[in-house]
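One structure below.
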Amino acid sequence: MELELRHLRVLCTIADSGSVGRAAVVRGASQPATSTQLRRIEGILGAPLFERTAAGVAPTSFGVEVLAAAREVLARIDGLGRLPGEEPGQARQEVRLAAVGPLLLPGLLGRARHQRPDLLFGVSAGHRCSDIVELLELEQADVAIAVDYPGAELRHSPAVAHRGIVTEPALVALPAGHQLCHRAEIALAELAEETWLLAPEDGAGWPGVFHRACAEAGFRAATVQEFHGGRMELQDMVAAGLGISIVQPTTRPPGDVVVKPLAGTPIRVRQLLLWRTAGVDPEVVETLFGAATAAYRELVAGSPRPWCYDLSMNAI
């Protein structure tokens with residue numbers, strides 16, 4: 001037996017559904033047949049792709065890697081010529097998607113393209129949050145992925161709507177030899193004398209949110225350096241002992257970096273889906289929201305420690 005595209009679609013459907021049984025219903029197959037197919041695929045690849053959870057199944061670390069590759073392959077295949085089932089000359093609806101960063105985009109787009117092959121996505125990333133709102137207001141984008149912070153919510157006109165994907169706790173990344181790296185959690189005040197490597201202003205309240213949290217903890221950060229590199233470069237800086245940083249729970253640190261929760265969760269970040277109310281069909285919004293939440297769950301499942309969040313907006 002060799003892997004085929006249909007096998008990759010089965011894996012993605014299981015991941016999107018969070019359950020072998022629900023995936024079977026979606027694909028019009030029986031649960032035993034879908035389970036057998038999954039076992040055969042895992043046999044080919046040589047390792048389990050999913051593990052059982054209280055809510056169904058979640059990808060293993062290896063499964064996350066396989067799913068990322070599968071979604072990339074399927075997205076490329078779906079982008080070749082006209083899609084299966086598309087009539088010659090049939091127009092596809094274009095959806096212009098803007099994003100702050102690429103975190104959710106691979107999983108979101110892979111799922112959305114699979115569920116709605118009639119949609120054609122134009123994607124741009126790397127925007128500031130305030131610029132994303134402006135793009136939507138000026139009708140230069142249709143939907144967007146952005147962030148804000150509880151107590152510092154992103155502002156927009158009634159022409160734009162938003163929906164929270166998840167509220168996640170901000171964590172701290174430390175070099176593996178740090179004196180506090182053995183702690184289960186670290187009080188922000190204990191890091192007052194550290195050198196902080198912080199992302200630049202994002203148009204949504206950062207780094208003001210960080211400085212307010214420090215003030216509420218009773219100190220002012222001794223040294224703050226603005227860091228403009230990517231996630232891997234930031235981890236290299238932390239590993240080298242050049243500073244510590246606030247990171248997302250989906251961070252997958254190398255062996256010389258440890259990620260720890262901050263006691264009391266003093267900083268929280270909210271991932272948002274935004275869209276033009278007059279320009280985007282509600283069914284498209286539902287598709288994108290479901291794809292975004294599933295993509296986030298997949299990222300969390302692949303993190304070294306399965307941090308828990310409430311996707312209905314409250315960090316656990």
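The values are calculated or read from the model by the stated rules, or taken from the named source; none is laboratory data. No experiment lies behind these values; they were computed from the predicted model shown. In this analysis, Cβ positions are derived from the backbone assuming ideal geometry, glycine residues included, and neighbour counts consider all displayed protein chains.
Things worth noting here:
- Hey, GLY151 more than 19 Å from the chain's Cα centre (by Cα), assigned by TED's automatic domain parsing to the domain that holds GLU226 and not acidic (Asp, Glu) or not: no
- In segment 201-209 there is at least one residue matching the filter, namely being at positive phi and either in contact (Cβ under 8 Å) with a residue 40 or more places away in the chain or of a type in the set (A, V, I, L, M) (or both).
For (1) closer than 24 Å to LEU154 by Cα; (2) part of a helix (DSSP H, G or I); (3) at pLDDT 95 or above, each residue gets a yes or a no:
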residue: PRO200; (1), (2), (3): yes, no, no
residue: ALA204; (1), (2), (3): yes, no, no
residue: CYS214; (1), (2), (3): yes, yes, yes
residue: GLY218; (1), (2), (3): no, no, yes
residue: HIS228; (1), (2), (3): yes, no, no
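- Within segment 37-58, one or more residues are assigned to a loop (DSSP other than H, G, I, E, B) and at pLDDT below 85.
- When residues of segment 148-173 are limited to those that are part of a loop (DSSP other than H, G, I, E, B) and hydrophobic (A, V, I, L, M, F, W, C), the one surrounded by the most Cβ atoms within 10 Å (Cβ to Cβ): ALA170
- Filter result for GLU194 (surrounded by fewer than 21 Cβ atoms within 10 Å (Cβ to Cβ), among the acidic types (Asp, Glu) and under 30 Å from ALA159 (Cβ atoms)): no
- Residue, farthest from ALA170 (Cα to Cα), within segment 236-260, restricted to residues that are surrounded by 20 or more Cβ atoms within 10 Å (Cβ to Cβ) and without any contact (Cβ under 8 Å) to a residue 60 or more places away in the chain: MET237
- Only one of the listed residues (ALA189, ALA144) is in a strand (DSSP E or B) and at pLDDT 95 or above. That residue is ALA144.
- Flag for LEU67 being closer than 21 Å to THR287 by Cβ, under 18 Å from the mean Cα position of the chain (by Cα) and surrounded by 16 or more Cβ atoms within 10 Å (Cβ to Cβ): yes
- Residues located in segment 174-186, provided they are outside any strand (DSSP E or B) and either of a type in the set (Gly, Ala, Ser) or crowded, with 18+ Cβ neighbours inside 10 Å (or both): ALA176, GLY177, HIS178, ALA184
- If you go through segment 177-203 and keep only what is small (Gly, Ala, Ser) and within 25 Å of the chain's Cα centre (by Cα), you end up with ALA184, ALA199, GLY203.
- Residue count for segment 132-141, restricted to those that are outside any helix (DSSP H, G or I) and among the hydrophobic types (A, V, I, L, M, F, W, C): 2.
- A single entry from ALA221, ALA292, ALA263 fulfils the requirement of being closer than 18 Å to GLU168 by Cα and more than 20 Å from the chain's Cα centre (by Cα): ALA263.
- Entry remark, segment 118-131: residues being within 20 Å of VAL285 (Cβ to Cβ) and in a loop (DSSP other than H, G, I, E, B) number 2 in total.
- Every condition in (1) under 19 Å from ALA278 (Cβ atoms); (2) out of contact with any Lys or Arg (no Cβ under 7 Å at 6 or more places or on another chain) holds for ARG116 except the one numbered (1).
- Here ILE77 fulfils each of the conditions (1) part of a helix (DSSP H, G or I); (2) surrounded by fewer than 16 Cβ atoms within 10 Å (Cβ to Cβ); (3) modelled with pLDDT of 85 or more apart from (3).
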